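Working notes, beginning with the structure itself.
What follows is calculated from the coordinates using simple rules that are stated; it is not laboratory data. If you're wondering where the values come from, they're calculated on a predicted model, not measured in any experiment. With ideal geometry, Cβ positions are generated from the backbone for all residues, glycine too; neighbour counts draw on all protein chains shown.
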Amino acid sequence: MSTMKETIEQIQKELTELKAASQKEVEEARVRFLGKKGSVTALMEQFRSVAPEMKREYGQKLNELKKSVTAKIEELKEQAAAAAVELAPKQDLTMPGDPFELGSRHPVSIVRQEIVDIFRKFGYDVAEGPEVEDDWHVFEALNFPPNHPAREMQDTFFVSTGHLNPLLLRTHTSSVQVRTMETHPLPIRVICPGRVFRNEAISARAHCIFHQVEGLYIDKNVTFADLKQAILLFAREMFGPDTQIRMRPSYFPFTEPSAEVDVSCNICHGKGCNICKGTGWLEIMGCGMVDPNVLEASGIDSKVYSGFAFGMGVERIAMLKWQVNDLRHYFENDMRFLHEFATATEV
Ligand code: DAH
């Protein structure tokens, strides 16, 4: 059996090499040294039978040993606790979550969707076409002859390609009418929402990029009365059941006859106000019976088929619907403006 001195030295050596990877291991070490059956506890018991003249020396040694064991255990405990914090997930899971703001639809998207939904209910399909177009689909097939002054009604952006036939940014969604007539079996009943481009100075009433919705209906025996009915139903869905419409003769190369459509002012109900400039009426779209030349250009027999078309500006409808008096609000994305529509649509 080893002497007490040797055991003390042995424990001290063990102590310098002692490591613990976790709090559990620290506790196991504590029990091994200081528990009821621990090696230090055993030494304390052995101390009772030490010869009286040796008690002072061994008493001191044992006290030092116990102190250093306790200190070492304490040190390891702290290290293990720190390591546990390192390993633990950093978030405090009891904290409330970070709220993030939901996006909302842009007012122009809201109105475009509303227009599309109304015509879908009437049985129209949705058709789309390219924004970069050729002269044929934007002008030629729509009965704008080359050098016809009507082309100047629409300030066109051209895309330089170096080709003989330049490409251009479509100035209206009527180009999608042509693409539909070229490919779609008859009868045709489509609406074509899309973005259009015109070389215009930006002001409260004009922008170089805006949105239109085009409508086209082609079948046998389609009449102007059908056109009027379709637009009246649309206007009442869009602006309210009491809405009246009126048509004024107009001119577009692709329709004959052509008209511009006004709706009764939904603010003053026809009495006359700032928005309708005292007239009681607000212009909402152009329309007409598809010109026979346009049908023929796309290979449709104008003796058998007839049709109507209409086109409206989405921003214009949105301005009337929400009484916004400056078109630029729809393009600047000022959050204060957009927020008004976020609450309006969070139903
Ligand atoms: N394309 C016309 C424009 O951009 C709008 C238009 C008028 C479309 C009459 C039509 C129509 O289909 O029949 O000003």
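Given the options Gly35, Met238, Val126, identify the residue whose Cα lies farthest towards the positive end of the charge dipole of the chain (+1 on Cβ of Lys, Arg; -1 on Cβ of Asp, Glu). Checked the options; the winner is Gly35.
I need the trypsin sites (Lys or Arg not before Pro) found in the range 283-347, filtered to DSSP loop residues with at most 16 other beta carbons within 10 Å of theirs.
Lys303, Arg328
Helices in the chain, meaning DSSP H runs of at least 4 residues, each add -39500 (n - 2.57). Divided by all residues, the mean residue ellipticity at 222 nm is -13000 deg cm²/dmol.
Couplings for the range 219-231, taken from phi via the Karplus curve 6.51 cos²θ - 1.76 cosθ + 1.60 with θ = phi - 60°, read 7, 6, 6, 7, 10, 4, 5, 5, 4, 4, 5, 4, 6 Hz in order; Gly and Pro are left as x. When you count the other C-beta atoms within 10 angstrom of each residue and take the mean per peptide, 248-261, 86-99 line up highest first as 248-261, 86-99. Isolated cysteines in the chain, defined as those with no second cysteine Cβ under 4.7 Å, comprise Cys192, Cys208, Cys287.
Rounded if a/c is under 1.5, else prolate if a/b is larger than b/c, else oblate: which is the range 213-347, with a ≥ b ≥ c the root eigenvalues of its Cα gyration tensor? It would help to have the intermediate numbers written out before the result.
Values: a/c = 2.39, a/b = 1.83, b/c = 1.31.
Verdict is prolate for the range 213-347.
Loop-resident chymotrypsin sites (Phe, Trp or Tyr not before Pro) (DSSP state other than H, G, I, E or B) in the range 43-116 with no more than 12 further Cβ atoms inside 10 Å of their Cβ: Phe100.
The magnitude of the dipole of the chain, with charges of +1 and -1 set on the Cβ of Lys/Arg and Asp/Glu and taken from the Cα centre, is near 1580 debye.
The Cα atoms of the chain give a gyration tensor whose axes a ≥ b ≥ c have a/c of 1.5 or more with a/b greater than b/c, which makes the shape prolate. The charge dipole of the range 237-347, taken about its Cα centre with unit charges on the Cβ of Lys, Arg, Asp and Glu (plus for the first two, minus for the last two), comes to roughly 340 debye. Checking the table Lys13/Lys72; Lys5/Lys77; Lys121/Lys271; Lys24/Lys61; Lys55/Lys77; Lys36/Lys66 against a 22 Å threshold on Cα-Cα, which pairs fail? Violating the 22 Å Cα-Cα cut-off are Lys5/Lys77; Lys121/Lys271; Lys24/Lys61; Lys55/Lys77. With the highest mean first, a sort of the peptides 264-271, 179-186 on other beta-carbon atoms found within 10 angstrom per residue produces 264-271, 179-186. Taken as Cα centroids, the range 2-75 and the range 101-150 sit 89 Å apart, rounded to the nearest whole angstrom.
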